[in-house]
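K.L.:
Once you've had a glance at the structure underneath, I'll fire off some questions.
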Amino acid sequence: MEKVVSLCKRRGFIFQSSEIYGGVNGCWDFGPLGVELKRNLKNDWWYVNVLQRDDMVGLDASIIMHPQVWVASGHVEQFHDMLVDCKSCKHRFRQDHLDGSRCPDCGGELTEPKAFNSMLRTRLGVSDDTATDTYLRPETCQSIFVDFKDIYATSRMKIPFGIAQIGKSFRNEVNPRNFIFRSREFEQMEIEFFCKEPEEAKWFEHWLECIWTWYTDVGLNPKKIRWFEHPKEALAHYSKRTTDLEYEFPFGWGELQGLANRGTFDLTQHAQHSGKDLSFFDPDSKERFVPSVIEPSAGVDRTCLAILCDAYEEDVIDEEPRVVMRFHPRIAPIKAGVFPLVKKDGLADIARDLERKLRRKFATFYDQGGAIGRRYRRMDEIGTPFCITVDYETKENSTVTIRERDTTKQERLPMDEVGAYLEKRCTSERN
Ligand code: ATP
């Protein structure tokens, strides 16, 4: 884990927020390479789950919602962690994260557990007497329920269909830890899939399969992921069934994504609290009913972390150790490095020109500094799957070499076929 964290910092994937002021616990900044990786993941997820399906539409709702939303959803009442304090060192812990009954830091005696609401409170309005208290959303899904009627009326979708959203969520985690795994500000990719009650089990199975396929398609090792079925007695107040997809991080198995059968809980709650009818009228069967909801809920940051941990490898090439990030080309931050073998003799101009053309479609990186082997290694370390080199032969027959990161094998290709090659390997090719 330390190696991944240090590579992330060294190469500009992820930094601690406000580091020059000592940092903020549980808040992280995605640097130049991190933002590309994260965007590629989000775009891929959106492409597969929204654009490629005719039973899904998208939403981008506000982070701040009416405070009553959180009363109706149960968050004001139920979104509590039980906390204990150490009487000696004063450190605070979540009770469910402790193994024993003493303080894990100093062995001191612990207080009785106290409930602590994990929502981040904020104030809306400029003057003290009229401002209202509300919260930064702790999950993205509530806006989907609240907007359900507007969305189905305007998009002319019929049950079964889903609404997807990617966006920020906030939780006042007591012990943010394990790098970006448990943060206070993070992003979720959530789907609320609306169906008829008798079809809940069928759609639950459907989403189990879709989730597994997507994670393995973006390159996660199937041996490092597994399902965890929540026991009935431990289910959240809204859930009839919850199954988590877990990844084996260096610190142990951790949840990447949850899949929950929320039944009719949320729409019924919001209908009661708002006084608005949130039922669905099926024009074909002339039935009116409150749909059930199957919810795949994934964390963007946890997915990034799993991808980073999974991709990290150390090997030896030509008797030299190298660090290589084996990102799937679909999500690699940079798809191709473009280099002139040497700067002189017009090779740099040809390489620059090629790189400018490729950059219209692909994230590329031009590098003419240092020995060619060094330049390859720098690209390996940030997971660039292909390196294209312009050499003296290019001047004779307009061909270049393409080196693959994983095999380090090189092949020659006409320069005007490089675009199609990258297209095939980085965008259209599925596992
Ligand atoms: P945990 O039990 O680990 O606290 P959770 O069960 O509360 O997670 P959900 O409410 O199911 O999480 O949220 C859905 C997804 O959002 C999780 O699978 C995870 O990927 C992500 N997520 C939740 N909390 C955090 C957090 N504090 N930091 C980063 N991602 C998070």
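K.L.:
Taking into account only those residues within segment 341-364 that are within 16 Å of Asn397 (Cβ to Cβ) and assigned to a loop (DSSP other than H, G, I, E, B), which is modelled with the highest pLDDT?
P.N.:
Leu341
K.L.:
Could you list, ordered by first residue, the pairs with Cβ atoms under 7 Å in which the first is in segment 221-239 and touching a residue at least 12 places away in the same chain (Cβ under 8 Å) and the second is exposed (fewer than 15 other Cβ atoms within 10 Å of the Cβ), at least 6 apart or interchain?
P.N.:
His237/Gln78
K.L.:
What number goes with the only condition from (1) within 13 Å of the ligand (Cβ to nearest atom); (2) surrounded by fewer than 17 Cβ atoms within 10 Å (Cβ to Cβ); (3) closer than 30 Å to Thr427 by Cα that Gly252 does not pass?
P.N.:
(3)
K.L.:
When only residues in segment 36-59 that are outside any loop (DSSP other than H, G, I, E, B) and either of a type in the set (Gly, Ala, Ser) or without any contact (Cβ under 8 Å) to a residue 40 or more places away in the chain (or both) count, which is farthest from the ligand (Cβ to nearest atom)?
P.N.:
It comes out as Leu51.
K.L.:
Output the residues belonging to segment 365-389 that are part of a loop (DSSP other than H, G, I, E, B) and crowded, with 23+ Cβ neighbours inside 10 Å.
P.N.:
Listed by number, the residues that qualify are Ile382, Gly383, Thr384, Pro385.
K.L.:
Considering only segment 157-173, state which residues are β-branched (Val, Ile, Thr) and either within 10 Å of the ligand (Cβ to nearest atom) or surrounded by 21 or more Cβ atoms within 10 Å (Cβ to Cβ) (or both).
P.N.:
Answer for segment 157-173, where residues must be β-branched (Val, Ile, Thr) and either within 10 Å of the ligand (Cβ to nearest atom) or surrounded by 21 or more Cβ atoms within 10 Å (Cβ to Cβ) (or both): Ile163, Ile166.
K.L.:
Which is among the β-branched types (Val, Ile, Thr) and either touching a Cys at 6+ places or on another chain (Cβ under 7 Å) or within 16 Å of the ligand (Cβ to nearest atom) (or both), of Thr134, Thr140, Thr130?
P.N.:
Within the list Thr134, Thr140, Thr130, the selection yields Thr140.
K.L.:
Still on this model: If I ask for residues that are modelled with pLDDT of 95 or more and over 24 Å from Cys195 (Cβ atoms), which ones from segment 232-250 would you list?
P.N.:
Glu246, Tyr247, Glu248, Phe249, Pro250
K.L.:
Search segment 256-278 for residues that are closer than 13 Å to Ala236 by Cβ and pair each with any residue that is more than 16 Å from the ligand (Cβ to nearest atom) and part of a helix (DSSP H, G or I) when their beta-carbon atoms are under 6 Å apart and the residues are at least 6 apart or on different chains.
P.N.:
Within 6 Å, the pairs are Asn261/Glu200.
The values are calculated or read from the model by the stated rules, or taken from the named source; none is laboratory data. From a predicted model like this one, the values you see are computed outputs, not experimental measurements. Glycine also receives a Cβ, built like all others from the backbone with ideal geometry; neighbour counts cover every protein chain displayed.
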